[in-house]
Amino acid sequence: MSGKPRPTSVKLSRKIQVTNPTGLHARPTSELVRCAMRFKSVITVEANGRLCSAVSIMDIMTADIRSGAEILVTAEGSDADHALDAIEKCLSELSKKGL
């Protein structure tokens with residue numbers, strides 16, 4: 001994971017639907033990881049029965065997340081709310097970027 005959260009940190013979760021037509025293959029996943037790495041919070045993605053670190057390309061790619069899948073993104077840390085907003089925005093803009 002991307003570090004240990006502080007004991008007084010905030011933990012938030014949000015369900016997000018993957019709308020990118022090709023799902024989360026290598027290029028979209030790298031965009032997601034780059035986004036997640038900007039935050040101090042520990043960010044995880046749960047999909048297809050797997051819990052993945054949002055900063056691990058291999059973790060996310062092996063979860064086989066396809067278009068239309070609903071994922072649960074959890075962020076724990078001082079910037080958890082901003083992290084979830086950014087992840088949601090990143091995922092929604094993948095197809096606009098041609099990924």
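Residues in segment 45-58 that are modelled with pLDDT of 95 or more and outside any strand (DSSP E or B): 54, 55, 56, 57, 58. Within segment 5-46, the set of residues being more than 21 Å from residue 96 (Cα to Cα) and hydroxyl-bearing (Ser, Thr, Tyr) comprises 8, 9, 13, 41, 44.
Residues are listed down the side, and each one gets a yes or a no for (1) touching a helix residue (DSSP H, G or I) at 6+ places or on another chain (Cβ under 6 Å); (2) at pLDDT 95 or above; (3) part of a helix (DSSP H, G or I); (4) surrounded by fewer than 16 Cβ atoms within 10 Å (Cβ to Cβ):
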{"position": "3", "(1), (2), (3), (4)": "no, no, no, yes"}
{"position": "43", "(1), (2), (3), (4)": "yes, yes, no, no"}
{"position": "75", "(1), (2), (3), (4)": "yes, yes, no, no"}
{"position": "94", "(1), (2), (3), (4)": "yes, no, no, no"}
{"position": "99", "(1), (2), (3), (4)": "yes, no, no, no"}
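Selection of segment 77-92 for residues being buried (at least 20 other Cβ atoms within 10 Å of the Cβ) and either outside any strand (DSSP E or B) or polar (S, T, N, Q) (or both) yields 80, 83, 84, 87, 91. Please work out which residue is nearest to residue 86 (Cα to Cα), limiting yourself to segment 60-71 and to residues that are open to solvent by less than 50 Å² (accessible area, probe 1.4 Å) and not in a loop (DSSP other than H, G, I, E, B). Only one residue fits best here, namely 71. Restricted to segment 13-29, and to residues there that are closer than 20 Å to residue 85 by Cβ and open to solvent by less than 60 Å² (accessible area, probe 1.4 Å), the residue that is modelled with the lowest pLDDT is 20. Residues of segment 12-34 that are part of a strand (DSSP E or B) and free of Cβ contacts under 8 Å to residues at least 60 places away in the same chain: 15, 17. Residues being among the basic types (Lys, Arg) and touching a residue at least 24 places away in the same chain (Cβ under 8 Å) are represented in segment 35-56 by at least one member. In segment 46-59, the residue that is most open to solvent (accessible area, probe 1.4 Å) out of those that are over 17 Å from residue 92 (Cα atoms) and in contact with a helix residue (DSSP H, G or I) (Cβ under 6 Å, 6 or more places away or on another chain) is 57.
The values are calculated or read from the model by the stated rules, or taken from the named source; none is laboratory data. In this text the structure is predicted, and so the values were computed from the model without any measurement. In this analysis, Cβ positions are derived from the backbone assuming ideal geometry, glycine residues included, and neighbour counts consider all displayed protein chains. Areas reflect the complete protein model, heavy atoms only, side chains present, ligands, DNA and RNA absent. Shrake-Rupley method; radii C 1.70, N 1.55, O 1.52, S 1.80 Å.
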